[in-house]
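Remarks on the structure that follows.
Only the coordinates and a few stated rules stand behind these numbers; no lab work does. Quantities reported herein were computed from a predicted structural model and do not represent experimental measurements. FYI the Cβ positions are ideal-geometry reconstructions off the backbone, even for glycines, and counts take in every protein chain you see.
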Amino acid sequence: MRLIDSHCHLDFPAFDQDRAAVIAHCQTLGVEKMIVVGVTRQHWSRLWDTVSNHDGLYGAFGLHPYFLAEHQDSDIPALVEQLSLYRDHPKLCAVGEIGLDFLLQELDPKQQIHLFEQQVAIAAEFNLPVIIHSRRANAQVTAILKKAKLSRAGIIHAFSGSYEEALEYIKLGFLLGFGGAATWPRATRLQSVLKRLPIASIALETDSPDMPPEWLAGQRNSPEQLPSICQYLADIYGLSSTAFAAQTSTNVQRLFGWTV
Ligand SMILES: [Zn+2]
């Protein structure tokens with residue numbers, strides 16, 4: 001089985017004790033590539049160190065809406081500078097994690113929208129895909145993406161919307177990321193959306209160390225869980241796990257322009 005974890009945070013301290021062992025184990029499990037997604041300017045260098053030190057890892061830089069209080073105006077020009085620095089580097093693959101989180105009341109929507117729009121414009125300028133966090137904000141995210149007319153689209157990470165919202169993203173060329181959240185028995189609505197989606201629009205992810213699958217409740221999630229998550233989602237979807245892994249990996253490879 002050949003798998004790609006399209007969204008993880010292997011640079012987080014949760015992996016400081018065993019990062020190299022986790023990555024080596026992933027390779028033996030067939031998790032060949034992992035995208036490490038940025039959250040704050042302060043941690044971009046930690047992320048890039050992680051990505052540079054290990055084969056199969058790719059990086060994205062961005063300012064996550066969850067950390068709104070930490071971001072400064074100067075982080076936007078800093079993002080442009082960071083992307084310019086690694087512009088032609090094969091391990092730089094996207095702008096992310098960016099987006100809107102309207103679930104958390106303390107995050108000012110106006111500020112979030114401003115930050116998100118600026119980063120989408122930067123992704124367009126650098127001809128990079130975007131990796132998007134969207135909670136209770138699919139209509140607003142879709143509207144912003146429509147205006148931006150990105151040439152390479154991206155991934156809606158941990159998609160949790162309706163079938164109709166999924167179709168809007170698919171029309172814009174986006175992939176929808178699925179992972180641990182869909183393995184919970186109570187996630188029946190999400191599972192029924194997954195079943196109806198075209199296979200060409202699905203990407204697999206873990207969001208590790210967060211969003212553990214049902215069988216790891218309360219524990220650290222890891223890209224090592226991707227084969228089991230793939231098996232679980234393939235059963236829901238009605239494909240063999242090998243076919244599900246192969247097709248979803250091809251989707252991600254195509255988005256990022258990876259030939260092998
Ligand atoms: Zn994330």
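Here Trp44 meets each of (1) more than 25 Å from Ala245 (Cα to Cα); (2) surrounded by fewer than 21 Cβ atoms within 10 Å (Cβ to Cβ); (3) more than 14 Å from the ligand (Cβ to nearest atom) with one exception, condition (2). Filtering region 47-71 to residues that are aromatic (Phe, Trp, Tyr) and within 16 Å of the ligand (Cβ to nearest atom) leaves Tyr58, Phe61, Tyr66, Phe67.
Restricting region 56-87 to residues that are closer than 17 Å to His7 by Cα and either among the small types (Gly, Ala, Ser) or out of contact with any helix residue (DSSP H, G or I) (no Cβ under 8 Å at 6 or more places or on another chain) (or both) leaves a set whose member that is surrounded by the most Cβ atoms within 10 Å (Cβ to Cβ) is Gly62.
Selection over region 206-222 of residues that are touching a Pro at 6+ places or on another chain (Cβ under 9 Å) and surrounded by 21 or more Cβ atoms within 10 Å (Cβ to Cβ) gives a count of 4.
Specify the residue that is surrounded by the most Cβ atoms within 10 Å (Cβ to Cβ); the eligible residues are those in region 233-260 that are aromatic (Phe, Trp, Tyr) and assigned to a helix (DSSP H, G or I). Per the stated criteria, the residue is Phe244. Candidates in region 133-147 are the residues that are within 16 Å of the chain's Cα centre (by Cα) and in contact (Cβ under 8 Å) with a residue 40 or more places away in the chain; of these, the one that is surrounded by the most Cβ atoms within 10 Å (Cβ to Cβ) is Val141. Here the condition is being closer than 30 Å to Asp16 by Cα and either of a type in the set (Phe, Trp, Tyr) or within 16 Å of the ligand (Cβ to nearest atom) (or both); of Ala217, Ala181, it holds for Ala181 alone. Only a single criterion out of (1) within 16 Å of the ligand (Cβ to nearest atom); (2) in contact (Cβ under 8 Å) with a residue 60 or more places away in the chain; (3) touching a helix residue (DSSP H, G or I) at 6+ places or on another chain (Cβ under 8 Å); (4) not aromatic (Phe, Trp, Tyr) is not satisfied by Asn251, namely (1). The conditions of being in contact (Cβ under 8 Å) with a residue 12 or more places away in the chain and away from the ligand (no atom under 16 Å from the Cβ) are not met by Val37.
The residues of region 1-34 that are part of a helix (DSSP H, G or I) and within 16 Å of the ligand (Cβ to nearest atom), listed by number, are Pro13, Ala14, Phe15.
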